[in-house]
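Asks: One structure is given below, represented as structure tokens, and several questions about it will come after.
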Amino acid sequence: MSATPSLSPTDIVIFGGNGDLALRKILPGLYYRYRDGQLPENSRIIGIGRAVTTDTQYVEMVEKACVQHVAPADFELAAWKRFAKRIHYAAIDAEDRKAYAKLTAFFKKQAPLVRVFYLATPADVFGAICHNLHQEGLVTTDSRVVLEKPIGHDLESFRAINNEVLKYFEERQVYRIDHYLGKEAVQNLMILRFANNLFEKVWNSGAVDHVQITVAESLGVESRARYYDKYGAIRDMIQNHLLQLLCLVAMEPPAKMEPDILRDEKLKVLRSLRLFTPHDTTKDTIRGQYRAGAVGGKPVGSYIDDIGQKNSDTDTFIALKAHVDNWRWSGVPFYLRTGKRLPDRYSEIVVQFRPVPHQIFPDQGSELHTNKLIIRLQPDENIKLEMITKVPGPGGYRLKPVHLNLSLSEEFEDRIPDAYERLLMDVVRGNPTLFMRSDEVEAAWVWTESILNGWAENKQKCKHYIAGSWGPSDATALMARDGRRWHDTDEE
């Protein structure tokens, strides 16, 4: 398959090129896009890391990663050999300006290409990398820089890091990535809302009772213990992934599907989020940390065991009730929940509609007469609309919820690209629609920091939960006192 003719050959420079993210997601994603003809032949991939190794050794490392993370049927030897020729490596300490001379010398070997600098590194070195690239004259008007989340540890550190990056790159050149925005089901959420009049007419407080957003993980912290203990679930998941999903559910229809118009609408939502007071954090937020238990029938250790420390109050579970204070969503709570060592791994959005205004089937119970839209983001991307129907047969009206089910994998036979693949190609194409603007991230930190400040003032500690459970019992009580319950506890 030939490369897309509209794309310019691109140098993709990956700082942290031998790290977990690069080997697990970025490089396998680039292989897929190259195999499918979307990465121009003259493009090059340059891995940057501190370890001293050769191009050959690095290619072998990447091949091993691709064999592990690419489906066996998709790993084509001929395509891999062509792709491998594009891969290079440079041993560079990201904070040592003199070391960047290796990168300068490499670029001089070929006519200038569009340059993408992917910073798969801790955020505290973003500024140093951008400074050193600029000082070496490596930042051109066609250059782009990709920043991984979370950017900063709080509002102040975000502003410091962001301002340093913007000294050397214009806002239009900065791509703050959140891979959840690249998921196919997330893209379909916008199509569902804005291309189907049926849903947009009822997408408001008049018809919606509440919204649930859950990102559940069955794994623990694994190899990310050092990072995770510093950031916790609030910074690792809530401040970015779950808030971005909330924005796509709650935002007003954009006038056009253009980058800044779409991001303007998300920003309005973030600025409409009600800030938490210390009293609110006590009442409407739950912090949790897993203890030893069992997941999938296998015993697992506690968070303390996993990080190898004697003590830590880092949150591995968060449940909270948020409010979007605008006309569309007045009075509609948004329940957000994420955690590690939960019984299952999935991400979904549930839009729970209000009951019918008058119950004419009183013997069936009120809970049965509600509709819900369930958008599963992973692992099996699908959209279900729960409707109420009559059970066939005589004997009166017996009602049952059934699903109108759109399974993307069943409806479309072609392989669905991974989120990173889509977003990587958007960077190469220069399309920032699915990336966050500075003011978006800042607004998200303002809201998140109101929670962090409340916790600090209240000295609000983590509630423990058994690994393999759905978190602390307080998370269930958070909804129960509103007369609601989490979708996973519903009787299907």
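The values are calculated or read from the model by the stated rules, or taken from the named source; none is laboratory data. Predicted model only: the values in this text are computed from it and were never measured. Here the Cβ positions follow ideal geometry from the backbone for every residue, glycine too, while neighbour counts run over all protein chains shown. These accessible areas exclude ligands, DNA and RNA; they are computed on the full protein's heavy atoms, side chains included. Shrake-Rupley method; radii C 1.70, N 1.55, O 1.52, S 1.80 Å.
Asks: Starting at 0 and stepping by 5 Å, how many percent of the alpha carbon pairs of the range 403-489 end up in each bin?
Replies: 3, 9, 9, 9, 12, 15, 16, 15, 9, 2, 0
Asks: Hey, any idea what % of the chain's accessible area is carbon plus sulfur with a 1.4 Å probe?
Replies: The nonpolar share, carbon plus sulfur, comes to 51 percent.
Asks: Related question: Binned at 10 Å from 0, what are the whole-percent values of the Cα-Cα distance distribution for the range 8-94, short to long?
Replies: Histogramming the range 8-94 at 10 Å steps yields 18, 56, 24, 2 percent.
Asks: Okay, next question. Which Rg and Dmax, in Å, describe the Cα atoms of the range 61-193?
Replies: Both quantities, over Cα of the range 61-193: 17.7, 51 Å.
Asks: Another question, if that's okay. For the range 188-333, go through all pairs of different Cα atoms, get the mean of 1/r, take its inverse, and jot down that Kirkwood value in Å.
Replies: About 17.7 Å, per the Kirkwood formula over Cα pairs.
Asks: Where does the range 88-127 land on Rg(C-alpha)/(2.2 N^0.38 Å)?
Replies: Taking N as the residue count of the range 88-127, the ratio is 1.27.
Asks: While we're here: Given the options ASN132, GLY297, LEU242, identify the residue whose Cα lies farthest towards the positive end of the charge dipole of the chain (+1 on Cβ of Lys, Arg; -1 on Cβ of Asp, Glu).
Replies: The one lying farthest along the dipole's positive direction is ASN132.
Asks: State the antiparallel share, in %, of DSSP beta bridges confined to the range 202-327, rounding to the nearest 5.
Replies: Approximately 100 percent, going by the DSSP bridge assignments.
Asks: Could you give me D for the range 125-277, from Stokes-Einstein at 25 °C and 0.890 mPa s, where the hydrodynamic radius is the Kirkwood radius over C-alpha pairs? Units µm² s⁻¹, please.
Replies: Translational D for this selection: 136 µm²/s.
Asks: Find, among the chymotrypsin sites (Phe, Trp or Tyr not before Pro) in the range 283-379, those assigned to loop by DSSP (not H, G, I, E, B) with at most 14 other beta-carbon atoms within 10 angstrom.
Replies: Those that pass, being in a loop and sparsely packed, are TRP327.
Asks: Moving to a separate point now. Roughly what would the spin-label model give for MET257 and LYS230, points 7 Å off Cα along C-beta, in nm?
Replies: Modelled inter-label distance: 3.8 nm.
Asks: While we're on this one: What fraction of the DSSP beta bridges in the chain is antiparallel, stated in percent and rounded to the nearest 5?
Replies: 55 percent
Asks: Provide the per residue accessible area, probe 1.4 Å, for the range 447-492, rounded to a whole number of square angstrom.
Replies: Result: 53 Å² per residue.
Asks: Measuring from centroid to centroid over Cα atoms, what is the spacing of the range 257-296 and the range 58-91 in Å?
Replies: For the range 257-296 versus the range 58-91, the Cα centre distance is 38 Å.
Asks: Now for a separate question. Can you list the aspartates and glutamates whose alpha carbon is less than 18 Å from that of LYS98, not counting same-chain residues fewer than 8 positions off?
Replies: By straight Cα distance, LYS98 reaches GLU136.
Asks: Across the chain, what fraction of all alpha-carbon pairs, as a whole percent, falls in each successive 20 Å bin from zero upward?
Replies: 21, 54, 23, 2, 0
Asks: Expressed as a fraction of 2.2 N^0.38 Å, the rule-of-thumb size for a compact globular protein of N residues, what is the C-alpha radius of gyration of the range 77-154?
Replies: Normalised Cα radius of gyration, the range 77-154: 1.24.
Asks: Under a 1.4 Å probe, what is the accessible area of the range 1-137 per residue, stated in Å²?
Replies: Normalised by residue count, the accessible surface of the range 1-137 is 46 Å².
Asks: Sequence neighbours fewer than 8 away in the same chain don't count; with that in mind, list the lysines whose C-alpha is under 24 Å from LYS64.
Replies: In chain and number order, the partners are LYS25, LYS81, LYS85.
Asks: In square nanometres and to one decimal, what's the mean projected area of the convex hull around the Cα atoms of the range 325-472?
Replies: So the Cα hull casts an average projection of 15.2 nm².
Asks: Over the Cα atoms of the range 254-391, what is the Rg over Rh ratio if Rh follows Kirkwood?
Replies: Across the range 254-391, the Cα-based Rg/Rh ratio is 1.05.
Asks: If you don't mind, another one. With the alpha-carbon atoms as the only input, what is the per residue convex hull volume for the range 422-466 in Å³?
Replies: 109 Å³
Asks: Okay, moving on. Could I get the Rg over Rh figure for the range 219-278? Both from C-alpha atoms, Rh via Kirkwood, rounded to two places.
Replies: Checking Rg against Rh, the ratio lands at 1.12.
Asks: Same structure, new question: Which net charge results when you count Lys and Arg as +1 and Asp and Glu as -1 among the other residues whose beta-carbon is under 11 Å from that of GLY182?
Replies: My count for the surroundings of GLY182 gives -2.
Asks: Can you give the translational diffusion coefficient of the range 125-174 in µm²/s, computed by Stokes-Einstein from the Kirkwood radius over Cα pairs at 10 °C and 1.306 mPa s?
Replies: Roughly 143 µm²/s, to the nearest whole number.
Asks: At 1.4 Å probe size, with every protein chain present, just tell me what the per residue accessible area of the range 280-400 comes to in Å².
Replies: Result: 48 Å² per residue.
Asks: State which entries of LYS400/LYS463; LYS201/LYS283; LYS372/LYS400; LYS340/LYS459; LYS183/LYS384 exceed 25 angstrom in Cα-Cα distance in the structure shown.
Replies: LYS400/LYS463; LYS201/LYS283
Asks: Arranged from highest to lowest average of other beta-carbon atoms within 10 Å per residue, in what order do the peptides 157-164, 477-484, 212-219 appear?
Replies: 212-219, 157-164, 477-484
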